[in-house]
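K.L.:
Dropping the structure in here first, questions after.
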Amino acid sequence: MWRDDLGSPVELNGPARRVVSLVPSLTEAVARSAPGLLVGATDWCTHPADLAVTRVRGTKNPERAAIIALAPDLVIANREENRKLDVVRLRAAGLAVWVTVIESVPEALASMRRLLTGPLGLEVPAWLVVAEQAWAEPASALRSAQLARRVAVPIWRDPWMVVGARTFTGDVLARHGLDNVFGAGPDRYPHVEAEQIRATAPDLVLLPDEPYRFTPEDGPEEFPAHRVVLVPGRLLTWYGPSLATARADLLRVTR
């Protein structure tokens, strides 16, 4: 018997060979490590681009009947991305569900290593080794390579939402030597007004293309007095194989 990141028991007769993933990052991680294991994924699981599995709707509203019909050995979920209700009901239907908890880069790397080498019974994939090495350098080394800068990261507008405290993205920023201007508050994703973002006087405003798709025509006009950089959301929010190159890529665009 295994225990997931929440300490919940996950009983399997052997390594899982039919997997449904409800987490885009973990879908990519499993697909890159052992593509034949996946039989189902959400509509939001866009990587790898050629992934050909049954789609089970979204992360917040998965089609439980479709998941059950796939008869997976294991369903992979995440505490933040998926609803507890869906996990409870899938378990009640007799399915084994592995829930991950990922709020920092070290948690992501450790969680994926446990999942892949534990219930999936795989060897540590090469991309994970590269990712672990890429993030081993402390943030202090990056600070010495660039001026410490205060940054704001909106993730939605109408209403505006920003990255706050205790988030994976916030930890990514910190590990680049960047100071999140909303990182000390009580909320993980505070609702704010655009004026509040401007009032914090960030040196840099990062506008990702997901979950809200900011574009050159939609977003930068709110921050005319600030340096604005449009970035792929994968660099900030995805914790699968993209971690192997995300640190270098994000450092390059924020210099």
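The values are calculated or read from the model by the stated rules, or taken from the named source; none is laboratory data. Just so it is clear, the model here is predicted, and its values are computed rather than measured. We place every Cβ from the backbone using ideal geometry, glycine too, and count neighbours over all the protein chains shown. Note: areas computed on protein heavy atoms with side chains; ligands, DNA, RNA excluded. Shrake-Rupley method; radii C 1.70, N 1.55, O 1.52, S 1.80 Å.
K.L.:
Counting every Cα pair in the stretch 3-64, what percent are over 17 Å apart? Numbers along the way, then the final one.
P.N.:
Numbers: 788 of 1891 pairs.
For the stretch 3-64, the fraction of Cα-Cα distances above 17 Å is 42 percent.
K.L.:
Here's a follow-up. How large is the dipole of the chain about the Cα centre if only Lys and Arg carry +1 and Asp and Glu carry -1, each at its Cβ, rounded to the nearest 20 debye? List each step's numbers first, then the result.
P.N.:
Numbers: 29 positive and 30 negative charges, 98 e Å.
Using only the charged Cβ atoms, the result is roughly 480 debye.
K.L.:
Using only Cα atoms, locate the centre of the stretch 19-94 and the centre of the stretch 184-236, then give the distance between them in Å, rounded to an integer.
P.N.:
Here the answer is 30 Å between Cα centres.
K.L.:
Mind giving me the nanometre distance, one decimal, between the label points for R3 and A194, set 7 Å out from Cα along Cα→Cβ?
P.N.:
Between R3 and A194, the label points sit 4.9 nm apart.
K.L.:
Cβ under 12 Å from R64's Cβ, R64 left aside: what net charge do those residues give with Lys, Arg +1 and Asp, Glu -1?
P.N.:
Working: positive: R57, R83, R89, R91; negative: E63, D86.
Counting the neighbours of R64, the net charge comes to +2.
K.L.:
Further question on the same structure: How much length is gained if the chain between R57 and Q133 is pulled fully straight, taking 0.36 nm per residue apart and subtracting their Cα-Cα distance, in nm to one decimal?
P.N.:
Residue separation times 0.36 nm, minus the Cα-Cα distance, leaves 23.9 nm.
K.L.:
Distances longer than 33 Å among the Cα atoms of the chain: what percent of all pairs is that?
P.N.:
Numbers: 7346 of 32385 pairs.
Roughly 23 percent, once rounded to a whole number.
K.L.:
Using helices alone, what [θ] at 222 nm do you get for the chain, with -39,500 (n - 2.57) per DSSP H run of 4 or more residues, divided over all residues and rounded to the nearest 500?
P.N.:
Details: 10 runs with 81 residues, N = 255.
Taking each H run of at least 4 residues, the total per residue is -8500 deg cm²/dmol.
K.L.:
With a cut-off of 8 Å between alpha carbons and a minimum separation of six or more residues, what is the relative contact order of the chain in percent?
P.N.:
Working: 460 pairs, mean separation 41.8, N = 255.
With pairs under 8 Å counted, the relative contact order is 16 percent.
K.L.:
Taking the Cα-to-Cβ direction at D187 and at V253 and moving 7 Å from each Cα, how far apart do the two end points lie in nm?
P.N.:
2.5 nm
K.L.:
For R17, put the label point 7 Å out on the Cα→Cβ axis and report which residues of the stretch 68-102 keep their amide N under 12 Å from it.
P.N.:
Residues 73 fall inside that zone.
K.L.:
Suppose every Lys and Arg Cβ carries +1 and every Asp and Glu Cβ carries -1, with no other charges. What dipole size does the stretch 63-166 come out with about its Cα centre, to the nearest 20 debye? List each step's numbers first, then the result.
P.N.:
Numbers: 13 positive and 11 negative charges, 78 e Å.
It works out to roughly 380 debye.
K.L.:
Right, here's the next one. Measuring with a 1.4 Å probe in the full set of protein chains, what accessible area per residue, in whole Å², belongs to the stretch 1-93?
P.N.:
Solvent-accessible surface per residue comes out at 50 Å².
K.L.:
Just to verify a number: FRET efficiency for E107 and T46, C-beta to C-beta distance, R0 = 30 Å, to 0.05? Write out the running numbers ahead of the final one.
P.N.:
Values: r = 23 Å, r/R0 = 0.76.
That pair, E107 with T46, gives E of 0.85.
K.L.:
Shifting gears a bit: Pull up all non-local amide H partners of R227: gap of 5 or more, or a different chain, and H-to-H distance under 5 Å with H placed in the peptide plane.
P.N.:
Here V205 satisfy the definition.
K.L.:
Please report, as a whole percent, how much of the solvent-accessible surface of the chain comes from carbon and sulfur atoms (probe radius 1.4 Å).
P.N.:
Taking all protein chains in place, the chain shows 54 percent carbon and sulfur surface.
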